[in-house]
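Structure, as structure tokens:
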Amino acid sequence: MKITVINGSPKGERSDTLKITKAFLRGMGENSANAHTMGIAEKSESSDITDPIVIIDTMKVDVKPCLGCYCCWQKTPGMCVQKDDMKNILDEISTSDLIIWSSPLYCYSFPANCKAVLDRLLPLSSPKQYKDEKGNTHHPRRNEHRVQHMLISGCGFPDREGNYDGLIFQFQRMFGKDATMILCPEAPMFSVPEAAVVTEPYLALVEKAGSEFKTGGKITDETLAALSLLMIPADEYRRIANG
């Protein structure tokens, strides 16, 4: 299985969300230490990994905002007219089996650097429209290769409802209602050594989720329910954060 991680955190390797993502990869039996991190979107020629992991650092790649010109639909089908790193990123995405969007919650959505990559996925779709079974209108994929997308996201709030609503809607609208999501409030605790008593059990549960996903292609409802629980009570988290 080829896995591409979109690291949407402005903190890069210091990302709290990336700690969760790496735990998930460990559960899948993948060694993220062997991953090739794209500072610019180039493939590693020296990698001897059979099933490589590519981590795209969205703060270090050159990805300009989408121009909304629709040349990738009309004049140069499947190709963006902008000459930046996005071409190679699209190649990575198109040839992967699993895309993990590893992104913190910024203003109830993706950080701008990650959103730019998301917007530039337009060449992977076609201008035709179709209506799904629920009556929603979509653009079909240009490439028939089935790529599975999942979202791993940490946020600094102690509650999920009311904060993740917009991000959930956007991700499911783009990648399907069945898209796998691990949403973790209280994520800043992963950078606090004193919080290890609660963060380490959570990461162990994330590893279990990775193992389940590797085996059955999904995370069990029981594990997802456990992952949705807070590591510490919301009132205690707010008290510590305010202190």
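Is it the case that region 109-125 has a residue that's of a type in the set (Ser, Thr, Tyr), assigned to a loop (DSSP other than H, G, I, E, B) and either crowded, with 16+ Cβ neighbours inside 10 Å or touching a Gly at 6+ places or on another chain (Cβ under 7 Å) (or both)? Looking through region 109-125, none of the residues is of a type in the set (Ser, Thr, Tyr), assigned to a loop (DSSP other than H, G, I, E, B) and either crowded, with 16+ Cβ neighbours inside 10 Å or touching a Gly at 6+ places or on another chain (Cβ under 7 Å) (or both). Selection of region 158-185 for residues being open to solvent by 30 Å² or more (accessible area, probe 1.4 Å), closer than 21 Å to residue 141 by Cβ and assigned to a loop (DSSP other than H, G, I, E, B) yields 177, 178. When region 193-203 is limited to residues that are within 19 Å of residue 153 (Cβ to Cβ) and not aromatic (Phe, Trp, Tyr), the one that is surrounded by the most Cβ atoms within 10 Å (Cβ to Cβ) turns out to be 199. Looking only at region 142-154, decide whether some residue is at pLDDT 95 or above, hydroxyl-bearing (Ser, Thr, Tyr) and not in a helix (DSSP H, G or I). Checking region 142-154: at least one residue is at pLDDT 95 or above, hydroxyl-bearing (Ser, Thr, Tyr) and not in a helix (DSSP H, G or I). Screening residue 188 against (1) modelled with pLDDT of 95 or more; (2) closer than 25 Å to residue 90 by Cα; (3) in a helix (DSSP H, G or I) leaves a single unmet condition, (2).
The set of residues in region 125-172 that are within 29 Å of residue 198 (Cβ to Cβ) and of a type in the set (A, V, I, L, M) comprises 150, 151, 152, 167, 168. Reported count of residues in region 216-238, each being surrounded by 12 or more Cβ atoms within 10 Å (Cβ to Cβ), without any contact (Cβ under 8 Å) to a residue 60 or more places away in the chain and part of a helix (DSSP H, G or I), is 5.
Whether any residue in region 63-71 is modelled with pLDDT of 95 or more, in contact with a strand residue (DSSP E or B) (Cβ under 8 Å, 6 or more places away or on another chain) and not in a helix (DSSP H, G or I) is what I want to check. For region 63-71, residues modelled with pLDDT of 95 or more, in contact with a strand residue (DSSP E or B) (Cβ under 8 Å, 6 or more places away or on another chain) and not in a helix (DSSP H, G or I): absent.
Taking the criterion of being over 14 Å from the mean Cα position of the chain (by Cα) and either among the aromatic types (Phe, Trp, Tyr) or under 23 Å from residue 80 (Cβ atoms) (or both), the only residue of region 98-111 that qualifies is 108. Which of the residues belonging to region 78-92 are under 10 Å from residue 63 (Cβ atoms) and among the polar types (S, T, N, Q)? Across region 78-92, the qualifying residue is only 82.
The values are calculated or read from the model by the stated rules, or taken from the named source; none is laboratory data. None of the values given here were measured: they were computed from a predicted structure. FYI the Cβ positions are ideal-geometry reconstructions off the backbone, even for glycines, and counts take in every protein chain you see. The protein model used for the area step is the full one, side chains on, heavy atoms only, and it has no ligands, DNA or RNA in it. Shrake-Rupley method; radii C 1.70, N 1.55, O 1.52, S 1.80 Å.
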